[in-house]
Structure formats: C-alpha cells, structure tokens
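Since the structure comes first, as structure tokens, the remarks are kept for the end.
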Amino acid sequence: MSSIQTKYFYAMGERTIVHLDLDSFFVSVERLTNSALKDKPVIIGGLSDRGVVASCSYEARQFGVHSAMPVRMAKQLCGDAIFIRGDMEQYSKYSRLVTDIIAESAPVYEKASIDEHYLDITGMDRFFGSLKWSHELRQRIIRESGLPISFGLSVNKTISKIATGESKPNGEMYIPPGKVKPFLFPLSIRKIPMVGTKSYHLLRSMGVSTIHTLSLIPPEMLVQVMGKNGLVIWKKANGIDPAPVVPYSEQKSISTERTFERDTIDLHKLRNVLISMIEKITFELRTKQKLTGCVTVKIRYANFDTHTLQKRLPYTAFDHVLINTALELFDRLYQRRMLIRLIGVRFSHLTGGSQQLDLFDEKPELAHLYQAMDHIRKRYGKEAIKRGCLDF
C-alpha cells in the first residue's frame, strides 16, 4: 500500500448524510400548474433552434434527450415532445419552499443547488431511526410542495449523492457503512461526481470502466495523469469523502462598498459606481459557481444616516439582471437628494449552481458573451474589461 493510500485508509468517525434531489425539477414544477403535461415528453429550454435544453422529463430521456443538448437536436430525437421556455421565477419560488421545509426539520443542511440539499443528521439515531426520519421528511416535502423528490442516505456526501441517482425517479436508498464498497464497485465511473466527459474519456482510454477498477489504480498514477483532481476522484472511488455539510444561511452573502473622498450628489457618477461594483461581484459569483436570490442596496448620507433597500428575485448571476434590479432599488432609495458619503451593494440568499437563465434565453450568445468576459478577467485581471458606460 502506498503512502497516499495509507494516509487515507484510516478510521473515520461515522457520519450520517442525506442527499435530497428534486426529480426533473423544472418539469415537475410545470406539471404542477398544467396537469396535461403528466406522463408526456416535456423539454424545458429556449424555444428557438439556437436554444439549449435546460431540463427534460424521463419520457423525453427515453429518446436520448438530455440537459445541455441543443434544442434543434432534441426536436430531431423527440419531435412529439412539448417544448416550454421555462419560468425561473416559479422555479426559484418552489426551491425556496423546499428549503424552508428542510430548514424546519434538519439540524444542519447545505443548499448545494437550486434543486438539491445535503443534510448532516449524525447522532439522530439515538432519538429517531435515520432512515425513518429521512423517509418522513421526504414524504412531507412531497405532500407540501407537490414535487417528486429522491434521497440517498449514507456515510458521506459522495455516497449519498450516488445513492440518490440510483434511487431515481422519486425513490430513496440507504447504503449502510458496511455496504459502501459493494454498492460502489459495480457502477460505472460516470457515476462519480467530478468525472465529466473529459475525465471519463481519459479513464476509458486507460481501460477503466468501473469504480472498482478505478479504486485499484495507485493514487500516485492518477495524480500524474489528472493532477490534484486525480487524488480526489481516487478517494471518491474508494468511498472516502471527508467534506463537511456546510451550514446554509440565507444571510450568506457577497458584498462591496465604496466611500467617496468627497460627498457627492452626482447621479451619473453614483449609478456608474454602482454598476461597476455589481460587475465585480457578479464575476465573483460566477467564479464561485453561485447564484443570488436577493439584492440589497445601501446608501449613507453625509450626515451618516444609513438606509438600505432589498429585493428578492429569481436566482441569477447575470450582470444585466442584477444591475437593473440594483438601479431600481437605488432610484427608490435615494429620495432626500442629500450628499452621499457611501454606496454599497450586497447579494444574499446564495445557492450553488451554474447560471440557468441562459438556457431559457432566445439569445444564447448572451451567455457566451459572459463566458468570454469572465475568461478575459481570469487571465488579465478583474479590471481588464468593463462596460462601455463606465467613464470614470
């Protein structure tokens, strides 16, 4: 056994982790408001041929349709599907509803994305059966939200997430500590979180197809071939994942402020400063693969009176959406026409996930524009590119 293997095969304190994942979330929300969609192939995404599939029903998946597929191709595969543009406001509403239900019951929970949560219920076996408790929570979510949801229950986040995938649709699965490797080993390496298309093809070129085979490869070899991610993937293949469930808080936020050297009443300058600050922290959001569901604008007058105003909105990380919201809040907030000493903006109600709105947009080039801008900033610095309206 290598030094790396010895380091990670140690007695870890047993944890009890639940992974909850809403099934075909966007489609399920649409079916709540339109029962005619039940049992039919449904595809959510941009309606033009240039759009992208954001989500699809299990009926559509049987034809080979999957998320991130061009809508044009999805129409070729499943021409009888019902195509819906999608409503991020509704999806955000139901996401928050499910989070509220979980928050009332779970001692520690993490909102990993708009439609999935991790719960750490370690120690609850002393008072409740963990499987029974998880089952009852799932039933409550189904009853109060009307949405199908699946869960996996096991010793860490990786095993629980994989178990959830195996329990879908609308199911539940428990993998006890002694059954982790028998459960994992026969599965395809595709089942491991972090093994994307590129990693999959690389591992397949090495003759690796199952998690069992991957677990037997010396970790040093994977590090040489895949870098530091190779070690992470090796640990997951061996059922090792010490990552904690990070407690979720709606107060978790990203913010920035600017205090002026001279108090000002120049509205053009104030609005440009606000836009510049939003550009910087939306870039930070996207870099961290986060979405925000609430914007707060803050102003402090020359006499030190401080006022804030906030607005909840569908989860997003797009500059143009957040800029418009912040400017609206600023215009409502700045009523006294006094000199301003400080201006600030905060994004809260953060959740994990990549930007979804581009998948419903008729102009996917907008998403490509943000990706190109972020690439330039990552390579040349945050100040490398700005909006043309910023002239200070």
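Every read-out reported here was derived from the displayed coordinates using simple, explicitly stated rules and does not represent laboratory data. Fair warning: this is a prediction, and the values are worked out from it, not measured in the lab. Don't worry about glycine lacking a Cβ; one is built from the backbone with ideal geometry, like all the others, and counts go over all protein chains shown.
Points worth noting:
- Rounded if a/c under 1.5, otherwise prolate or oblate - the range 74-194, Cα gyration tensor axes: oblate
- Residues Val65, Val18, Val273 arranged by fewest to most Cβ contacts within 10 Å: Val273, Val65, Val18
- 5 angstrom amide H check on Asp87, placed H, neighbours 5+ away: none
- By the beta-carbon count within 10 Å of each Cβ, the least crowded to most crowded order of Glu116, Glu136, fewest first, is Glu136, Glu116.
- Residues Arg262, Arg204, Arg138 arranged by fewest to most Cβ contacts within 10 Å: Arg262, Arg204, Arg138
- Above-threshold pairs, the threshold being 25 Å between Cα atoms, out of Lys157/Lys290; Lys40/Lys168; Lys228/Lys280; Lys168/Lys191: Lys228/Lys280
- The chain - share of DSSP beta bridges that are antiparallel (%, nearest 5): 90
- With R₀ set to 51 Å, the beta-carbon distance separating Ile265 from Glu89 gives a calculated FRET efficiency near 0.90.
- Contour minus Cα-Cα distance for Asp39 and Arg337 (0.36 nm per residue): 101.5 nm
- Shape category assigned to the range 122-279 from the gyration tensor of Cα positions, a/c cut at 1.5: oblate
- Using a Gaussian network model of the chain in which every pair of alpha carbons under 10 angstrom is joined by a spring, one finds that among Arg96, Arg190, Arg346 the greatest mean-square fluctuation is at Arg190.
- Placing R0 at 22 angstrom, the Cβ-Cβ distance between Lys288 and Glu166 gives a FRET efficiency of 0.15 after rounding to 0.05.
- Pairwise label distance in nanometres, Glu14 with Asp100, each label 7 Å out on the Cα-Cβ vector: 3.7
- Kyte-Doolittle at least 0.0, axis length at least 18 Å by Cα - qualifying DSSP helices, the chain: 267-287, 319-333
- Among Val195, Val297, Val29: highest mean-square fluctuation, GNM of the chain, C-alpha pairs under 10 Å: Val195
- Part-to-part distance (alpha-carbon centres) for the range 174-199 and the range 49-103, which is given in Å: 26
- Expressed as a whole percent, the proportion of Cα-Cα pairs in the range 25-89 lying more than 18 Å apart is 23%.
- Springs join every pair of Cα atoms under 10 Å in this Gaussian network model of the chain, and among Gln139, Gln335, Gln62 the largest mean-square fluctuation is at Gln335.
- Cα-Cα P(r), the range 227-335, percent of pairs per 10 Å interval: 11, 36, 24, 14, 9, 5, 0
- Only one item in (1) 35, 26, 21; (2) 39, 26, 24; (3) 42, 30, 23 matches semi-axes √(5λ) of the Cα gyration tensor in Å derived from the coordinates shown, and that item is (2).
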